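See structure below.
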Amino acid sequence: MSEILFDNVSVGYGHKRVASDLSFSVEKAEITALIGPNGAGKTTILKTASGLIDALGGEVYIKDRPISQFSRNELYSLISVMMTERVRTGYMSSHDVVRVGRYRHSGVFGGLSAEDKRAIRESMDLIGVWELRDEDYNKLSDGQKQRVLLARAIVSEPGILIMDEPASFLDMGRKIEFFDALSELVKNKGITVLISMHETEMVKKVADRVICISQEGRTDRIGTPGDILTTDYMEKLYRIKDGRYEEYYG
Amino acid sequence: MKKNTRYILIFVSIILILIFLIIINIMTGSVSLGAGDIFRLLAGGHAEGISEKIIMDIRLPRIVEAAFLGGALALSGYLLQTFFLNPIAGPYILGISSGGKLAVALLMVGSLQQGFAINSLMMVGAAFAGALVATAFVLMISVRVRSMSILIVCGVMVGYICSSVTEFIVTFADDSNIVNLHNWSMGTFASAGWKDAYVYIPTVLMCIAAAMFLSKTIEANLFGESYAGSLGINVKRFRIALIILSGLLSATVTAFAGPVSFVGIAMPHVARSILKTERPVIIIPASVLLGAAFCLFCDLLARSIFSPVELSISAVTAVFGAPIVIYMMIERRTHV
């Protein structure tokens, strides 16, 4: 059983198709990375996989069941989503931010049960942001913010985590910290991760499987990082002139 | 725990200020009343004949109206700010109050000419319809332009258009009713009576309760619509609820007191600033209480500074509210 299965899916908004003929699967307790040039439709694919928008064609399956058959409640007790939406939040502590992730569990007015408190403590500990709990979220560094958001994403104890370029605006050290935390999470909790990322140099370390989306919005190649991340193929996927990839990343 | 103690202290202070303002409001007026009379009345006894009449029939209904409608305005502003994910939104500045005002003016003049009697519910209904039409117009603009400042300019324009049409209607209304209509269209709590209270008190309380039940969802929505959606929230239904609630609140205010400026924008901001939190479950009651206190304070000034001449309530709320909004915009510029 695959956690997520795309069967000949087209994605887009309204009548505008962004990517089509997508067929791939995401397996349990693995990190599957979605790579490809900007504008290939990675974000749209992730939104479709998480049920935030409907597929324009084909069928998306979550645990072998069509996503359209899930109620909102069922779906989002399984899936947690971390998109790149950055909003100004005003006065909020890191704890406040993570607490919102318990939306579906907490009381009518947002009151926390002992179980909610335990989950918040555990996820913040796991990501190493418990010490930041009373800090003003807006005053944190970008790296700390992303880790708090990661803690928020797992506080609902999801089976599947879908993330859109979570490390894009972090510096090298913070990227490593972030992906370390993510790998730990998969190892300890058996969470399934579908993640889009730009850091091809880190895919090798982080991902179990790689799905390549071409400029034309097709699943171009699927395989292990070792198979995919060859100079020739990277140059083709990202349309880089011969030899230039090696010069920068080699 | 330290945080909670601070919240409680702030809430107690706001409530004390509110009580203080109520007492001052009862005492102040063309006939000044002593504290003795008031306490005797509150204790269930009777004050000297005329004092009791002044308090029960003139001052108290006005105080109750200013408090409830002030709270309604602040909540309406807060809900609109949630809707637009922007702190510089309110029923007055977006032209929603003026839309309600126009509809009520039409109803009033229509009733005079056609000779049918109007009641409080019809006024609220008309104001609600007008508010929703104005909101629909603002929303139509908001999907076309993604800029909040342009949206606000458009809201102000809608407000001006509605106000000038109202002015036009008022000018051609029957002579005897012009004075009343004119005062109301400028915004005032002077016409307050107990019978209106049967309409606005339940409406406002119902809306506050509904907003409290939405507080958890409002909080999730602070992080953006996609995020709210990914928690399983039906974002569309939530946004419709916000518009209906804020429209109903501002319509209730407009029907009874006319358009009142700046309370809706400024009070949620004051609440956020002093409580240093964004949590709706705290900010909603705080905004309501602050809105009530602010309107009591402004109404006190409106009727007492140039007594016996009364100022329109918006003239006073603007003096205090506008600087808060300007400060807020400067703060936002420097903090983003």
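The values are calculated or read from the model by the stated rules, or taken from the named source; none is laboratory data. All values derive from a computational prediction rather than experimental measurement. Cβ sites come from the backbone with ideal geometry, for glycine too, and all protein chains shown count toward neighbours. Each accessible area value is taken on the protein alone, full model and side chains, heavy atoms only, with ligands, DNA and RNA left out. Shrake-Rupley method; radii C 1.70, N 1.55, O 1.52, S 1.80 Å.
Annotations for the structure displayed:
- Residue check, B:GLY291 more than 17 Å from A:TYR91 (Cα to Cα), at pLDDT 95 or above and either open to solvent by less than 10 Å² (accessible area, probe 1.4 Å) or in contact with a Pro (Cβ under 8 Å, 6 or more places away or on another chain) (or both): yes
- Some residue of the stretch A:118-129 being of a type outside the set (Lys, Arg) and under 30 Å from A:TYR245 (Cα atoms): no
- Which listed residue is crowded, with 16+ Cβ neighbours inside 10 Å, of a type in the set (S, T, N, Q) and in a helix (DSSP H, G or I), from B:SER314, B:SER273: B:SER314
- Output for the stretch A:40-71, where each listed residue is within 13 Å of another protein chain (Cβ to nearest Cβ) and without any contact (Cβ under 8 Å) to a residue 12 or more places away in the chain: A:SER71
- When residues of the stretch B:247-263 are limited to those that are over 16 Å from B:PHE128 (Cβ atoms) and open to solvent by less than 10 Å² (accessible area, probe 1.4 Å), the one modelled with the highest pLDDT: B:VAL263
- Failed criterion for B:ILE326 (all others in (1) surrounded by fewer than 21 Cβ atoms within 10 Å (Cβ to Cβ); (2) under 19 Å from the mean Cα position of the chain (by Cα); (3) within 20 Å of A:GLY90 (Cα to Cα); (4) away from chain A (no Cβ under 13 Å) hold): (2)
- Residue in the stretch A:196-217 that is nearest to A:LEU22 (Cα to Cα), counting only those that are out of contact with any helix residue (DSSP H, G or I) (no Cβ under 8 Å at 6 or more places or on another chain) and surrounded by 23 or more Cβ atoms within 10 Å (Cβ to Cβ): A:GLY217
- Any chance A:ARG104 is in contact with a Gly (Cβ under 7 Å, 6 or more places away or on another chain), in contact (Cβ under 8 Å) with a residue 12 or more places away in the chain and either open to solvent by 50 Å² or more (accessible area, probe 1.4 Å) or among the polar types (S, T, N, Q) (or both): yes
Quick grid of which residues meet (1) touching a strand residue (DSSP E or B) at 6+ places or on another chain (Cβ under 6 Å); (2) crowded, with 23+ Cβ neighbours inside 10 Å; (3) within 14 Å of chain B (Cβ to nearest Cβ):
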site: A:ALA114; (1), (2), (3): no, no, no
site: A:ASN138; (1), (2), (3): no, no, yes
site: A:GLU157; (1), (2), (3): no, no, yes
site: A:ILE160; (1), (2), (3): yes, no, yes
site: A:LEU170; (1), (2), (3): no, no, no
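- All conditions in (1) of a type outside the set (S, T, N, Q); (2) at pLDDT 90 or above; (3) out of contact with any helix residue (DSSP H, G or I) (no Cβ under 8 Å at 6 or more places or on another chain) hold for A:LEU75, with the sole exception of (3).
- Of all the residues in the stretch A:1-23, those that are over 16 Å from the mean Cα position of the chain (by Cα) and surrounded by fewer than 23 Cβ atoms within 10 Å (Cβ to Cβ) number 15.
- Residue in the stretch A:81-97 that is closer than 23 Å to B:ILE283 by Cβ, under 20 Å from the mean Cα position of the chain (by Cα), at the interface with chain B (Cβ under 9 Å from one of its Cβ atoms) and modelled with pLDDT of 90 or more present: yes
- Some residue of the stretch A:225-234 being open to solvent by 70 Å² or more (accessible area, probe 1.4 Å), farther than 26 Å from A:GLY12 by Cα and in contact with a Pro (Cβ under 8 Å, 6 or more places away or on another chain): no
- Hey, B:PHE238 more than 8 Å from chain A (Cβ to nearest Cβ) and assigned to a helix (DSSP H, G or I) or not: yes
- All of B:SER226, B:SER163, B:SER191 fail the test of being part of a loop (DSSP other than H, G, I, E, B), in contact with a helix residue (DSSP H, G or I) (Cβ under 8 Å, 6 or more places away or on another chain) and open to solvent by 20 Å² or more (accessible area, probe 1.4 Å), apart from B:SER191.
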